[in-house]
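Worksheet for the structure shown next.
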Amino acid sequence: MKSPLLSLPGAVAAEGVDEDVAAHYGDLFREQRALADGTGFVDLSHRGVVTVTGPDRLSWLHLLLTQHVSELPPGRATEALVLSANGHIEHALYLVDDGETVWAHVEPGTQEALIAYLESMKFFYRVEVADRSADVAVVHLPAGSIAEVPDGVAVRETAHGRDLFLPRHDLESYAEKAGPPAGVLAHEALRVEQHRPRLGFETDHRTIPHELGWIGAAVHLQKGCYRGQETVARVQNLGKPPRRLVFLHLDGSDVHLPPHGTEIRLADEGPDGRRIGVVTTSVRHYELGPVALAVIKRNVPVDAPLTAGDTAAAQETVVAP
């Protein structure tokens, strides 16, 4: 569902899973600075929106998600994961309860599979699950924004800003008064700076939460059973994850950024050295220059110089080895 805001002056469509919204509106660094200063907004209307209603919604979700949500107060934002039986990450939910409904936004195109799983687990619980992606659009306001929030709109507020669950038919009129638009590339640049993983970017079919630092933020270690909990507990108590998330400072002299999936090697082993990880997201940051998130083998020394493809890279620890 392409965003109507792609018709705004200067809008350039993003690529990949974000192709239905703007990558930028003509000035990537200005848009990043605006978000960092608490002005403007980001059109995230391509993201899936899922709601859960009914008197059992929180106690039921508590049994399925990695996060402790059975007593989630209205208005308190949280993150949660759905894991496979082997503890691998399948879904990431960014949710809030408004007192009557749990609102969650998820990666574009993943809502159908998520809903299918939730529907299969309803049993006798008094809950209703709905795909609201067609009539609700997510809009992100950066931290510090004074933009008005329309009455009746569910809001998910975190340290990084506010996510509004806006009626889709109000998207264009809201954009006219919310300040200058910023594209998803600006949003991604700040996400990388903040070391926040994203499903499908930092994850693959075998990713476990410990590798990305999602313990605590999205995984509660003191709650009851959920699918995949055995793996989470085993890694937490008995071992270490095989990989870890790192932040990379990239050689600024290179014209091109290493794309997602670029192989990482130890610099002293040369281009034919062993593969020790991959770039997951690379961006140009308005202050830091070219930077990236990457997932590498846990035992790589934290001070080892790396190469991402042909690009020299210095690592900064996100998940400790």
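Here are a few things to note about the model shown:
- Classified by the C-alpha gyration tensor, segment 70-161 has a prolate form. Its axis ratio a/c, with a ≥ b ≥ c, is 1.5 or above, and a/b is larger than b/c.
- The label-point distance for R298 and E316, in a model that sets each label 7 Å from Cα toward Cβ, rounds to 2.5 nm.
- For the chain, size of Cβ-based charge dipole, Lys and Arg +1, Asp and Glu -1, in debye: 1020
- Candidate aspartates and glutamates for bridging to K223, where Cα separation is under 12 Å - those fewer than 8 sequence places away on the same chain excluded: E71
- Cα gyration tensor, segment 1-136 - rounded (a/c under 1.5), prolate or oblate: prolate
- Note on segment 1-160: with charges restricted to the Cβ of Lys and Arg (+1) and Asp and Glu (-1), its dipole about the Cα centre is near 180 debye.
- Within the shell of other residues whose beta carbon sits under 13 angstrom from the beta carbon of P305, the net charge comes to -4, with Lys and Arg scored +1 and Asp and Glu -1.
- Environment charge at P55 (Cβ cut-off 15 Å; Lys +1, Arg +1, Asp -1, Glu -1): -3
- Helical mean residue ellipticity (222 nm; -39500 (n - 2.57) per DSSP H run of 4+; nearest 500) of the chain: -4500 deg cm²/dmol
- Restricting the GluC sites (Glu not before Pro) of segment 73-178 to loop positions (DSSP other than H, G, I, E, B) with no more than 16 neighbouring Cβ atoms within 10 Å leaves E100, E148.
- Heavy-atom accessible surface of segment 264-320: percent carbon and sulfur, 1.4 Å: 47
- Using a simple spin-label model with pseudo-atoms 7 Å out from Cα toward Cβ, I146 and N86 lie 5.3 nm apart.
- Per-atom-type breakdown for segment 6-67 gives carbon and sulfur 54% of the accessible area (1.4 Å probe, protein chains only).
- Heavy-atom accessible area per residue - the chain, 1.4 Å, Å²: 45
- Highest-fluctuation residue, V192, V50, V127 considered, GNM on the chain with Cα pairs under 10 Å: V127
- A full extension of the chain between A116 and E128 corresponds to an added length of 3.1 nm, given 0.36 nm per residue minus the alpha carbon distance.
- The alpha-carbon of K177 sits under 27 angstrom from the alpha-carbons of these lysines, leaving out residues fewer than 8 places away in its chain: K2.
- Equivalent-ellipsoid semi-axes of the chain, from the Cα gyration tensor, Å, largest first: 32, 28, 15
- For A314, net neighbour charge (Lys/Arg +1, Asp/Glu -1) across residues whose Cβ lies under 10 Å away: -3
- Of the residues T231, S120, V21, the one whose Cα sits farthest toward the positive end of the charge dipole of the chain, with +1 on the Cβ of Lys and Arg and -1 on the Cβ of Asp and Glu, is T231.
- Sequence-distant aspartates and glutamates (8 or more away, or on other chains) whose Cα lies within less than 12 Å of K240: E211
The values are calculated or read from the model by the stated rules, or taken from the named source; none is laboratory data. The model shown is predicted, which means the values in this text are computed figures rather than measured ones. With ideal geometry, Cβ positions are generated from the backbone for all residues, glycine too; neighbour counts draw on all protein chains shown. Surface accessibility is based on the protein's heavy atoms, side chains included, excluding ligands, DNA and RNA. Shrake-Rupley method; radii C 1.70, N 1.55, O 1.52, S 1.80 Å.
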